1. Being open to solvent by less than 40 Å² (accessible area, probe 1.4 Å) and among the aromatic types (Phe, Trp, Tyr) is the filter here; which residues of segment 298-329 pass it?
2. Any residue at all in segment 326-339 that's farther than 25 Å from residue 79 by Cα and assigned to a helix (DSSP H, G or I)?
3. State whether the residues of segment 259-268 include one that is within 30 Å of residue 56 (Cα to Cα) and not aliphatic (A, V, I, L, M).
4. Conditions first: (1) within 38 Å of the chain's Cα centre (by Cα); (2) open to solvent by 50 Å² or more (accessible area, probe 1.4 Å). Residue 178 passes all but one, so which condition is the exception?
5. In contact (Cβ under 8 Å) with a residue 60 or more places away in the chain, over 30 Å from residue 363 (Cα atoms) and part of a strand (DSSP E or B): does that describe residue 315?
6. Cβ contacts < 7 Å: first residue under 29 Å from residue 284 (Cβ atoms) and among the basic types (Lys, Arg), restricted to segment 359-379; second residue open to solvent by 30 Å² or more (accessible area, probe 1.4 Å) and assigned to a helix (DSSP H, G or I), any location; separation 6+ or different chain. Result?
7. So which residues in segment 43-81 are within 14 Å of residue 135 (Cβ to Cβ), open to solvent by less than 80 Å² (accessible area, probe 1.4 Å) and not in a helix (DSSP H, G or I)?
8. Could you grab me the full set of residues in segment 330-357 that are more than 29 Å from residue 303 (Cα to Cα) and either among the acidic types (Asp, Glu) or open to solvent by 100 Å² or more (accessible area, probe 1.4 Å) (or both)?
Amino acid sequence: MSRHKLSKRLLTLSAAVSLLLCQSAFAGETVELNLQDAMERAFNTNPAITIAGYERDSARANYNAARQSRGITITANHSTQRGGYDDNQYSQGGWVAVDKNANTYIPRQNLGKRIGNTHSNTLTATLPIYTGGRLSGTIKQAKANYLYTVEGVQKAYNDMRSTVTNGYFDMLQAGNMQDLGRESVEQLADHLKNVEAQYDVGVVAKVDVLRSQVELANAKQTLIQYENNYQIAEANLNKIVGLPMDTQLKLDNILVYTPYDKDLAYCLDYASTHRPDIEQAKQNVEAAKGALRVAIAGHMPQVTASASQNWNNTNWPGDENGNWAVGVTVNLNVFDTGVTNSQIHGAEADLAKAHETYRNTVDSVNLDVRTNYLSLREAEKRIDATHLAVDQADEDYRIAQLRYMNGVGTNTDVLDAQVALTTAKTNYLKALYDYNTSKTDLETSIGVPMAFPTKVTVEAPKAKVAVDAKAADQPADAEADKEAK
């Protein structure tokens, strides 16, 4: 093999190895991530936000189409045909006079099969004058559906914020528990060394060594579970924010206690005017009203004005022999074997269902807000109690170690104190985690608006003391209810 070919192959092999190493490094890269960055990534990559936006755009187009149907519609039609008779055609009459003075006649003429072309053009303009509520009902439905999707976009952002925040807190909590597990293993390992040293000099019995070894083994097993939970939480957060599953995340935030100064009355009041679910249920009522109006219009006359201009000729494009017409058309459904009545009854049932759904949504939102608020306050109380318990358990563990080293305490006292300390720290971390997740759930349940960018200022609620199910009966705006004339 020549030196040139050998050098070429070595370069190719080096490039391939370098590429594999680069891919491996990229697959396991470390990304620093704070909560703000996580939300921005999720907003830009998660399909739920994009889908909600497309649904809003589609509903807006349908709403615009419904409103624009009140105007003039102009259609153009062109027809080209070729045809004739199967048999020969003759002129009318038995004989045709050639010279009446000479009393001369010839037989009727054979016109043949009369095969030829026909070209026609028609331009028609129509305008709905009265639809009996069909048009305004359609507009009302389309508007309600559009406003429903607008709230759906806001709901998608709110839900995504909750998903990102809870996923972020899950990983923080998993990291805290992993650190606590390692601390517990280190404490028990140090204690085992102390027990073994005392056993070697005959101060303690073999049972103390065995018990300490068992406790250390149990702590290691728990640590393995914590480490696995951390990896799962990390992969879940990677999925939420759109990163590769094997990306190693370095979170900048920590779980902290930030007091929440709003009371339950404020939260319920705020939810009544900001929760997207309530507004969506209200728009479903409006859409059902529009559908009922369309159904009732089946019994009403439909009046349409029209104007047309027609041209036809045997030669293309058929732009001769023009004629025009203007007029008014009235259509009235006199009898349809009860079809319209059945449609009205169905629309009335759908409206009643929408009202009940709205009332149920209001109750569900109030329950959701109350539950999350009470969970927040419960976790807040546990933070204070468990924080004090950690200090006490830490002091108890320190004393138990000193007593054991001085020969006045037992190994069981030390192990029990270590378990109590780990339990107290676990309870404190869980209370801190529950408080932060409950706070996120509460903000989502009251409908704190979330949009990109993610910094949000909570505005003061409107003057309203309770959620009123009758609010869904508010009439639509004048433009949507206006009948085309």
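1. Residues satisfying the conditions do not exist here.
2. Of all residues in segment 326-339, those farther than 25 Å from residue 79 by Cα come to 330-339.
Now restrict to residues that are assigned to a helix (DSSP H, G or I): 339.
Yes - at least one qualifying residue is present in segment 326-339.
3. Checked segment 259-268: at least one residue is within 30 Å of residue 56 (Cα to Cα) and not aliphatic (A, V, I, L, M).
4. Evaluating residue 178 over (1) within 38 Å of the chain's Cα centre (by Cα); (2) open to solvent by 50 Å² or more (accessible area, probe 1.4 Å) leaves (2) as the failure.
5. It is false that residue 315 is in contact (Cβ under 8 Å) with a residue 60 or more places away in the chain, over 30 Å from residue 363 (Cα atoms) and part of a strand (DSSP E or B).
6. Here the result reads 359/469; 370/264, each pair linking segment 359-379 to a residue that is open to solvent by 30 Å² or more (accessible area, probe 1.4 Å) and assigned to a helix (DSSP H, G or I).
7. 69, 70, 71, 73
8. 353, 356
The values are calculated or read from the model by the stated rules, or taken from the named source; none is laboratory data. Keep in mind it's a predicted model, so treat the numbers as computed, not measured. FYI the Cβ positions are ideal-geometry reconstructions off the backbone, even for glycines, and counts take in every protein chain you see. Calculation scope for accessible area: heavy atoms of the full protein, side chains included, ligands and nucleic acids excluded. Shrake-Rupley method; radii C 1.70, N 1.55, O 1.52, S 1.80 Å.
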